[in-house]
Amino acid sequence: MRAIVYEGPGRLGVKDVAKPNVGPRDVLIRIRAAGICGSDLEMARGNRPDVMPPRIPGHEASGDIEEVGVNVTKFQVGDRVVAEPILSCGECRNCRAGRYNVCRDLKFVGVHIDGAFAQYLVMPEWRIYRIPGAFTYEEAAILEPTAVGVHVVGRAKVSPGDCVVILGAGPIALQIAQVAKAVGAGFVMMTDVIDHRLELAKSLVADLAINPKREDPLQRVKQVTDGEGADVVIEVVGSSSTILETIDLVRPGGRILVAGLSVESFVTEPPTFWMRQLLKEVTIETSRSYAANDWDVAIKLASRGDINCRALVTHRFGLDGVLRAYEIADKKSDNSMKVIFTPWEG
């Protein structure tokens, strides 16, 4: 089969590789759509020391089942499915509690094992879901960042009526915002330095979307909260500066959730940051991927129209367009949001 292979920093190319073997409880998925995530870009830059090349990236994927293992009972050839790209031990304390995203032996598809930027992907049957009937393959691939959004909103304990500020307006941030509204957030404000992302945010869900290069987020938050600050601030940029900014934006007694994948060292004023957290008695949480029930909720919300997945897909490439696809996704150029590979086209 053909696949995109990461062989080291700045080294991506298309190669012919062996088709994966199908175990007794596995299914072989013919990939129809696979999205580029920020973590894929960090890998390409060489910022993921947990990746051992050569590796096939990609974890936001959907397709058709082409083969099933002899012990598979829930799926059959021809089923349209989307993959939940986490493999866990199933036995450790966290797995037993449904928190398999922090399993002691976690393996993430496209990071620790070969992923979905290929014509085929093998997954165990307990980590795939049927695609909702009216969904395209591209929309189904967006269910992965939607499940991330469900997990973030749950970890942040967003409640009906909350004022929620989201720093960043990329694909995951937009899904977080949509989920927050779906669970009853009263006001959602988003920030980003890319205007077309702010426009999409406003068209989808944001009550207010501002560019911090032109407006002061803190002043706008004070305006809409009578000077109190936001109930919940969610950081999705992955920058030490925006992490520090959260403490200004949140109200005393509020909640901060850090979801951005950062490769920076958090060294700027950490004593000041933690002292201010103490004085405000702020709860700070982090979030990683998704856990038990998050995918079921994501599929339910998207199926009934509470979450728009289609609007995020802006660019499509065959595997041979890998370098251009990564360039557009990395530079966020050409009004891009989610860049999708279609391995059987192009």
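The values are calculated or read from the model by the stated rules, or taken from the named source; none is laboratory data. Bear in mind the structure is a predicted one, so any value in this text is a computation, not a measurement. Neighbour counts are summed over all protein chains in view; Cβ atoms, including those assigned to glycine, are modelled from backbone coordinates with ideal geometry.
K107 - would you say it is loosely packed, with under 14 Cβ neighbours inside 10 Å, within 18 Å of W295 (Cβ to Cβ), in contact (Cβ under 8 Å) with a residue 12 or more places away in the chain and under 17 Å from the mean Cα position of the chain (by Cα)?
Answer is yes for this residue.
Given the criteria outside the structural domain of L257 (by TED's automatic domain parsing), under 22 Å from R30 (Cβ atoms) and out of contact with any Lys or Arg (no Cβ under 6 Å at 6 or more places or on another chain), does R316 qualify?
On the way: outside the structural domain of L257 (by TED's automatic domain parsing): yes; under 22 Å from R30 (Cβ atoms): yes; out of contact with any Lys or Arg (no Cβ under 6 Å at 6 or more places or on another chain): yes.
Considered against the rule, which asks whether it is outside the structural domain of L257 (by TED's automatic domain parsing), under 22 Å from R30 (Cβ atoms) and out of contact with any Lys or Arg (no Cβ under 6 Å at 6 or more places or on another chain), R316 comes out as yes.
So A18 fits all but one of (1) farther than 26 Å from L312 by Cβ; (2) of a type in the set (G, A, S); (3) outside any loop (DSSP other than H, G, I, E, B); what number is the exception?
(3)
Check I172, I176 and return the single one that is under 30 Å from A3 (Cβ atoms), in contact with a helix residue (DSSP H, G or I) (Cβ under 7 Å, 6 or more places away or on another chain) and in the same structural domain as E245 (by TED's automatic domain parsing).
Answer to the selection: I172.
Report the residue count in region 289-310 for those that are surrounded by fewer than 17 Cβ atoms within 10 Å (Cβ to Cβ) and either within 16 Å of the chain's Cα centre (by Cα) or touching a residue at least 12 places away in the same chain (Cβ under 8 Å) (or both). Walk me through it before giving the result.
Residues of region 289-310 that are surrounded by fewer than 17 Cβ atoms within 10 Å (Cβ to Cβ), as a first pass: 292-293, 296, 300, 303-306, 310.
Add one more test, that the residue is either within 16 Å of the chain's Cα centre (by Cα) or touching a residue at least 12 places away in the same chain (Cβ under 8 Å) (or both), and what stays is 292-293, 296, 303, 306, 310.
Qualifying residue count, region 289-310: 6.
Scan region 315-346 for residues that are more than 16 Å from A61 (Cα to Cα), hydroxyl-bearing (S, T, Y) and surrounded by 15 or more Cβ atoms within 10 Å (Cβ to Cβ) and report the count.
Counting residues in region 315-346 that are more than 16 Å from A61 (Cα to Cα), hydroxyl-bearing (S, T, Y) and surrounded by 15 or more Cβ atoms within 10 Å (Cβ to Cβ) gives 2.
Could you please find all residues in region 21-37 being of a type in the set (A, V, I, L, M, F, W, C) and not in a loop (DSSP other than H, G, I, E, B)?
Looking only at region 21-37, we keep the residues that are of a type in the set (A, V, I, L, M, F, W, C), and these are 22, 27-29, 31, 33-34, 36-37.
Correct list: V27, L28, I29, I31, A33, A34.
Out of G35, G90, G63, G58, which single residue is surrounded by fewer than 19 Cβ atoms within 10 Å (Cβ to Cβ) and not aromatic (F, W, Y)?
Exactly one of G35, G90, G63, G58 is surrounded by fewer than 19 Cβ atoms within 10 Å (Cβ to Cβ) and not aromatic (F, W, Y), namely G90.
Six or more apart or on different chains, Cβ atoms under 8 Å: show the pairs whose first residue is in region 68-96 and aromatic (F, W, Y) and whose second is in a strand (DSSP E or B) and crowded, with 16+ Cβ neighbours inside 10 Å.
Close Cβ pairs satisfying both conditions: F75/V27; F75/I65; F75/V68; F75/V81; F75/I128.
Filter region 179-203 down to the residues that are assigned to a loop (DSSP other than H, G, I, E, B) and in contact (Cβ under 8 Å) with a residue 24 or more places away in the chain and list them by number.
Across region 179-203, the qualifying residues are V183, G184, A185, G186, D192, I194.
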